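Structure first, then comments.
The values are calculated or read from the model by the stated rules, or taken from the named source; none is laboratory data. All figures in this text were calculated on a predicted structure; none of them were measured in a lab. Every residue, glycine among them, receives a Cβ derived from its backbone with ideal geometry; neighbour counts consider all protein chains shown. When the accessible area is computed, the model is the full protein with side chains, heavy atoms only, and any ligands, DNA or RNA have been set aside. Shrake-Rupley method; radii C 1.70, N 1.55, O 1.52, S 1.80 Å.
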Amino acid sequence: MVRVQPFAAVRPLPNLAARVASVPYDVVNTAEARQLAADNPYSFLRVVRAEIDLPPDTDPFDASVYAQAAETFERLRAEGSLVREQEPSLYLYRLVWEGRTQLGLVGCFHVDDYANNLIKKHENTRPDKEEDRTRHMLALGAHTGTVLLTYRDHPDFDNMARRDINARPLFHFDAPDGVTHTVWPVEQPQAYCDLFASVECVYVADGHHRVASAARAAAEQSRGAPDSGGDAECNWFLAALFPASALTILPYNRTVADLAGKTPDQVLDELGGAGSLTRTDQPRPQRPGVLVVYLDGQWRELALDPASIDHNDPIGSLDAALLQERVLSPMLGIGDPRSDRRLEFVGGIRGTGELERRVDSGEAAIAFSLYPTSIEQLLDVADAGLIMPPKSTWFEPKLRSGLFAHTFK
């Protein structure tokens, strides 16, 4: 039984939604966030990346950053740019991008369901990133980032949602990245709560650090607070739940800073021993089990022997794992992909041109273009209680931050 709870959202005025809404905090660096928020006092990046309103040399994890985030959040509420709903509700959230539509439910989910694996994960989290978002949540007394959850499709949700989006939307706007965002409040939220109470489990698709931080923040709030029991608001985190078939996963590509003391010809010889290596003008793999490599100004396709891949192994059959085990570790000396600073991860939305740019500029010595992980692979890994290699999935389009916030009081 998965619990979904309506919440009294803190949300923008409809005429300001497009200006408030921002990309998530973790898809841009400080410089990019500062540029995106320039000349826009309403941008929610000023809440989720508050260092952009402090001196340029400010450490993003300094206490002043969390204080600034809280101050900006309160300013937006005090001036009326953000308003709090009088009654708890659920919301339907539709994103349309490049001809694809995904429609899901926004509400609050319980940290105990995450702890008890009714909300399944597939990714490890880093303590430093958990600490950052936990401090942010506690400083604001709110969840300001929306976790992306998914579930195996349920026709009853589709039927209910299609009926309920016939009403006039609360928000409807086109974001600068070409994604159209539309939000409707749900008139009968209990029907959705009852529906998902019959669903065996849901899955974290994107936002593992946000949900792990929400669990930590709830534990912090409960220490010595008599009113922070199981039903307290701090124990419910903000999430959007979409059917698995609606989600789009792009590849998460890789670059390596150097060739571990080898020449390009030596690396190419070793790659040729790992599979069939041929030149190509197509930088995107056309099927799983194919890695496309950019080295010395040329793209090459490395096709692994299908018979060498154990397709019954939900982890070992992932292209990210095959790259790590057969190329990055033995050939380039990348031992731990979570900590090796020679390895960089490049989201698929940036395109393969970004891989070429980094290698041609000297920022990296070699780049790898991967076939995207499928949603079924993700669900299988989570069902098996396993953990994917780091940065195995890049979901697109991204949920906008600032359309909803959930406060602890």
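Rounded to the nearest 500, what is the 222 nm mean residue ellipticity of the chain from helices alone, with -39500 (n - 2.57) per DSSP H run of 4+ residues and division by all residues? Walk me through the numbers before you get to the answer.
Details: 14 runs with 125 residues, N = 409.
It lands at -8500 deg cm²/dmol.
Fully extending the segment from residue 360 to residue 32, taken as 0.36 nm per residue of separation minus the present Cα-Cα distance, adds 115.9 nm. Taking the longest Cα principal axis of the chain as reference, the axis of helix 264-274 is set at about 80 degrees. Once the Cα atoms are used to define both axes, helix 351-361 deviates from the longest principal axis of the chain by about 60 degrees. Solvent exposure of residue 363, expressed as accessible area, is near 100 Å², computed with a probe of 1.4 Å over the protein chains only.
Work out the FRET efficiency for residue 74 and residue 220 from their Cβ-Cβ distance, taking R0 = 22 Å, and round it to the nearest 0.05. Could the numbers behind the result be given before it?
Details: r = 20 Å, r/R0 = 0.92.
It comes to 0.60.
Along its first, second and third principal axes, ordered by size, the stretch 91-182 spans 41, 32, 25 Å in Cα coordinates.
The Cβ shell under 12 Å around residue 52 holds other residues with a net charge of 0, Lys and Arg each +1, Asp and Glu each -1.
Order 58, 263 by their accessible area, 1.4 angstrom probe, all chains in place, largest first. It would help to have the intermediate numbers written out before the result.
On the way: 58 30, 263 65 Å².
Largest to smallest exposure gives the sequence 263, 58.
Each principal axis of the Cα atoms in the stretch 1-157 has its own extent, and those three values, largest first, are 50, 38, 35 angstrom.
Accessible surface of residue 34, taken over heavy atoms with a 1.4 Å probe and every protein chain present, rounds to 80 Å².
The label-point distance for residue 153 and residue 174, in a model that sets each label 7 Å from Cα toward Cβ, rounds to 2.9 nm.
Amide H to amide H, with H built 1.01 Å from N, residue 346 comes under 5 Å of 253, 254, 255, counting only residues 5 or more places away or on other chains.
Counting only other residues whose beta carbon sits under 11 Å from that of residue 376, what net charge do I get with K and R as +1, D and E as -1?
After counting each charged neighbour, the total is -1.
Of the residues 39, 231, ranked by 1.4 Å probe accessible area with the largest first, the sequence reads 39, 231. Distances between placed amide hydrogens fall under 5 Å for residue 83 paired with 11, 13, all partners being 5 or more residues away or on another chain. If you take the Cα centroid of the stretch 391-409 and the Cα centroid of the stretch 119-151, the two points sit 10 Å apart.
Near residue 360, once Lys and Arg are set to +1 and Asp and Glu to -1 for all other residues with Cβ below 14 Å from its Cβ, the sum equals -2. When the surface is traced with a 1.4 Å probe over the full set of protein chains, residue 236 keeps roughly 10 Å² accessible. For the stretch 51-129, the mean projected area of the C-alpha convex hull, equal to one quarter of the hull surface, is 9.4 nm². Orientation-averaged projection of the stretch 195-347 equals 13.2 nm² [convex hull of Cα atoms, one quarter of hull surface area].
Axis angle, to the nearest 10 degrees, between helix 155-164 and the longest C-alpha principal axis of the chain: 50 degrees. Hull volume per residue, based on the alpha-carbon atoms of the stretch 71-229 and their convex hull, is 169 Å³.
Can you sort 315, 366 by 1.4 Å-probe accessible area, starting with the largest?
Details: 315 35, 366 0 Å².
Accessible-area ranking of 315, 366, largest first: 315, 366.
Between residue 263 and residue 329, the contour length at 0.36 nm per residue exceeds the alpha carbon distance by 22.1 nm. Shape call for the stretch 192-254 from the C-alpha gyration tensor, a ≥ b ≥ c root eigenvalues: rounded (a/c under 1.5), prolate (a/b greater than b/c) or oblate? Note, shape of the stretch 192-254 comes out oblate. Mean-square fluctuation check for the chain, GNM, Cα pairs under 10 Å: which of 60, 127, 390 is largest? Looking only at 60, 127, 390, the biggest GNM fluctuation is shown by 127.
State to the nearest 20 debye the size of the charge dipole of the chain about its Cα centre, where the only charges are +1 on K and R beta carbons and -1 on D and E beta carbons.
On the way: 41 positive and 58 negative charges, 146 e Å.
Roughly 700 debye for the chain.
Close amide-amide hydrogen proximity is noted between residue 292 and 302, 369, each under 5 Å apart and 5 or more residues distant or on a separate chain (H modeled in the peptide plane; Pro and chain starts excluded).
Could you give the length gained on full extension between residue 64 and residue 317, defined as 0.36 nm per residue of separation minus the Cα-Cα distance, in nm?
On the way: separation 253, 0.36 × 253 = 91.08 nm, distance 4.47 nm.
That works out to 86.6 nm of additional length.
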